[in-house]
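Here's the structure, in structure tokens; my notes come after.
A short reminder: the numbers here are calculations on the coordinates, not readings from a lab. Keep in mind the model is a prediction, meaning the values are calculated, not measured. All Cβ positions, glycine included, derive from the backbone under ideal geometry; neighbour counts span all protein chains shown.
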Amino acid sequence: MNKAELRKIYQAKRAQLSKEQVEAGSKRICDLLFKKFKFGEVSSVHIFLPIETKNEVNTNFIISRLWDKFPSVKVVVPKIADLAIESFVLTPETKLFKNSLGVPEPLNGAPFSHPQIDFVLLPLLAFDKSGNRIGYGKGFYDRFLTTCKPHVTKVGLSLFEAEESIEPDAFDVPMNFCMTPEKFYSF
């Protein structure tokens, strides 16, 4: 199956999830993430804000836990500008708005330099057992990851398990890990 077909399949699978299923899966992903990684050793985490209408993993659980348990870790979120991702520090005081794609973005906040990011949590529609991911097809995150330090930790978050294999494009940046409600994948 090609990427376009998989994208359609997983968008349909996500659309069938109830809000309760998304929330329960998101909480399990959050718990597993904090069991597997030592955030006390990280200075910054770049994390996407969920598009609720697309049933994305609710990362607000992760953000709240980072603020509560690891106050020294900077939580950094994306904002789309000219087909690129800009990054801003997120605090409880940050005001958010939804852009034209329905993505929550910061209205205010301090810009954050990509080479300073230690850890990136990636949105995705599907992924495979080699760490290749399929997003919405615009390449925002692949371009963004090339601006981060070479050994930034890249972790995908998915409500579904891995496909056997996805043929990557030349510009695709593979993940190091992926978390689902049931499993931790290391690539």
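For the chain, place one equal point scatterer on every Cα, skip the solvent, and apply the Debye formula. What is log10 of I(q)/I(0) at q = 0.13 Å⁻¹?
-0.63
Just list whichever of Lys79/Lys138; Lys35/Lys154; Lys19/Lys69 have alpha carbons separated by over 22 Å in the model shown.
Lys19/Lys69
So which aspartates and glutamates can Lys98 reach, going by Cα to Cα under 18 Å and dropping same-chain residues fewer than 8 places off?
Glu52, Glu56, Asp82, Glu86
Can you find, among Asn55, Phe34, Phe144, the residue sitting farthest towards the positive end of the charge dipole of the chain, where Lys and Arg contribute +1 and Asp and Glu -1 at Cβ?
In the chain, that residue is Phe34.
Using a Gaussian network model on the chain with a 10 Å cutoff between Cα atoms, which of Asp142, Asp31, Asp82 fluctuates the most?
Evaluated over the chain, the most mobile residue of the options is Asp82.
DSSP loop (so not H, G, I, E, B), at most 10 other Cβ within 10 Å: list which trypsin sites (Lys or Arg not before Pro) in the stretch 56-139 pass both filters.
Numbers: sites: Arg65, Lys69, Lys74, Lys79, Lys95, Lys98, Lys129, Arg133, Lys138; in loops: Lys95, Lys129, Lys138.
Hits after loop and neighbour filter: Lys95.
Full-extension gain between Lys95 and Lys35, please, as 0.36 nm times their residue separation minus the C-alpha to C-alpha distance.
The Lys95-Lys35 span can extend by a further 18.6 nm.
In nm, give the distance between the simple-model label positions of Arg143 and Thr53, each being 7 Å from the Cα along the Cα-to-Cβ direction.
2.3
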